[in-house]
Amino acid sequence: MKPEHPAPIEWHFSQRAQQLQSSVIREILKVTMRPEIISFAGGLPSPETFPVERMRIAHDAVLSRQGKTALQYGTSDGYAPLREWIADSLSLEGSRIMPEQVLMLSGSQQGLDLLGKVLIDEGSKVLVETPSYLGALQAFSVYRPEFVSIPTDEGGLIPEAVPEIAQGARLLYALPNFQNPTGRTLSVERRSALVHTCASLGLPLIEDDPYGALSYRGNPLPKMLNMNPGGVIYMGSFSKVLTPGIRLGYVVAPTTLIRKLEQAKQAADLHTAQLTQMVVYEVIKDGFLDSHIPTIRSLYAEQCQVMLEALEEFFPQEASWTRPEGGMFIWVTLPSHIDSLTLLDEAIAQNVAFVPGAPFYANTPALNTLRLSFVTVPPEKIREGIARLGKLIAAKL
Ligand code: PMP
């Protein structure tokens, strides 16, 4: 006989939960999972670059040598050898980063939430680029800040514009390398100007840098962290240089802030998975990334080139787009009367997808923008997808 259950509960969500929304991108991704769709929508790294066999061997090695430690609870700050490795890799002559300044995270996305928790009060001003990373806007939104959009041009955010909008601000969130969503890179001059402006205003500067290692040409530009380790909060991730499924990232900051973040992390998840940290350390400790990262860079550089050439060939000249020097994204600006959300519906009907630009804006959106990711689509499909999009756009002129 079927048991009689009491009536289901009627949920009363907190005010905070009531204002939560699903990420627009995750909603679009559900549609674009269909195999016939050519999707430029995902922000996913290419699975071709995942070092599956290395990870398997490292799991075996860690479990057979240190299985009991790997499967035990760990410390909230993270696995010490890995924190040392990160501190060393970020240290430069004259700018030494100490392991105590590193907090391991369950994905760098967790750091955005923890930073929101410890730095943002309701109504606090938070300065963000125009446009900015949607996931950060989402993470900070929970703490109900007042977002202030920093004026931006082709070179990214304009440091000179910061002082007049920074009155009373709690933090500035910047993505200097191959920004998500625009693919733009902030010049060394602007980095330096931004660091000095923030320091003189006493304004904490978050440098979110998951794509920094993926520079197509030569060495990445200097990190703002090394320009002022006392005032910059640096966020790094293993998602784009190893694999995102392991959910491993880190934040580097002065120890007073790290201790506070650690308390917030304890409440959130006690600590980042010990096995994962030990396996990643096993994979990278002897220099694996030095040979692995160049293979990711050259794959992405090639795919990017294919997309740029296709845009040149198939998009009307009324459209413009960024030419990234690394990372995973191109940002397109269409003539101002074209709404990319309407275009998306038409594109999906033609089995092509992208992410409309509006959700990346904290304030007034530019509706005629969109983000294209080129890393998971094979070259012939890139051309086909861009050709279809180009036709749809041309029909609107
Ligand atoms: N910051 C930026 C700019 C990102 O694009 C992403 C991933 N899409 C993250 C942070 C979060 O990365 P993860 O949590 O995988 O480390």
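The values are calculated or read from the model by the stated rules, or taken from the named source; none is laboratory data. On a predicted model such as this, the values are computed, not experimentally measured, just so you know. Methodologically, a virtual Cβ is constructed for each residue, glycine included, from the backbone with ideal geometry; neighbour enumeration extends over all protein chains shown.
For region 52-85, how many residues are part of a loop (DSSP other than H, G, I, E, B) and of a type in the set (A, V, I, L, M)?
So the answer is 1.
In region 330-346, which residues are in contact with a Leu (Cβ under 7 Å, 6 or more places away or on another chain) and closer than 24 Å to Phe178 by Cβ?
Scanning region 330-346 gives Ile330, Val332, Ser340.
Please specify each residue of region 318-330 satisfying the condition of being under 16 Å from Leu370 (Cα atoms) and out of contact with any Cys (no Cβ under 8 Å at 6 or more places or on another chain). Spell out how you get there, then give the answer.
Step one: of region 318-330, the residues under 16 Å from Leu370 (Cα atoms) are 318-324, 328-330.
Listed by number, the residues that qualify are Glu318, Ala319, Ser320, Trp321, Thr322, Arg323, Met328, Phe329.
Filter region 1-49 for residues that are in contact with a Pro (Cβ under 9 Å, 6 or more places away or on another chain) and part of a loop (DSSP other than H, G, I, E, B) and give the result.
Within region 1-49, Ser23, Gly43, Leu44, Pro45 meet the criteria.
Considering only region 28-85, state which residues are surrounded by fewer than 17 Cβ atoms within 10 Å (Cβ to Cβ), within 21 Å of Gln109 (Cα to Cα) and at pLDDT below 95.
Within region 28-85, Lys30, Leu44 qualify.
Within region 86-97, count every residue that is surrounded by fewer than 16 Cβ atoms within 10 Å (Cβ to Cβ) and in a loop (DSSP other than H, G, I, E, B).
Within region 86-97, residues that are surrounded by fewer than 16 Cβ atoms within 10 Å (Cβ to Cβ) and in a loop (DSSP other than H, G, I, E, B) number 4.
Residues that are free of Cβ contacts under 8 Å to residues at least 40 places away in the same chain and either more than 30 Å from Met278 (Cα to Cα) or away from the ligand (no atom under 16 Å from the Cβ) (or both), at least 1 per element: which strands (runs of 3 or more DSSP E) completely within region 103-205 meet that?
Per the criteria, 146-150.
Does Phe40 satisfy the criteria of being within 24 Å of Thr243 (Cα to Cα) and not aliphatic (A, V, I, L, M)?
Numbers: within 24 Å of Thr243 (Cα to Cα): yes; not aliphatic (A, V, I, L, M): yes.
When the stated conditions are applied, Phe40 passes them.
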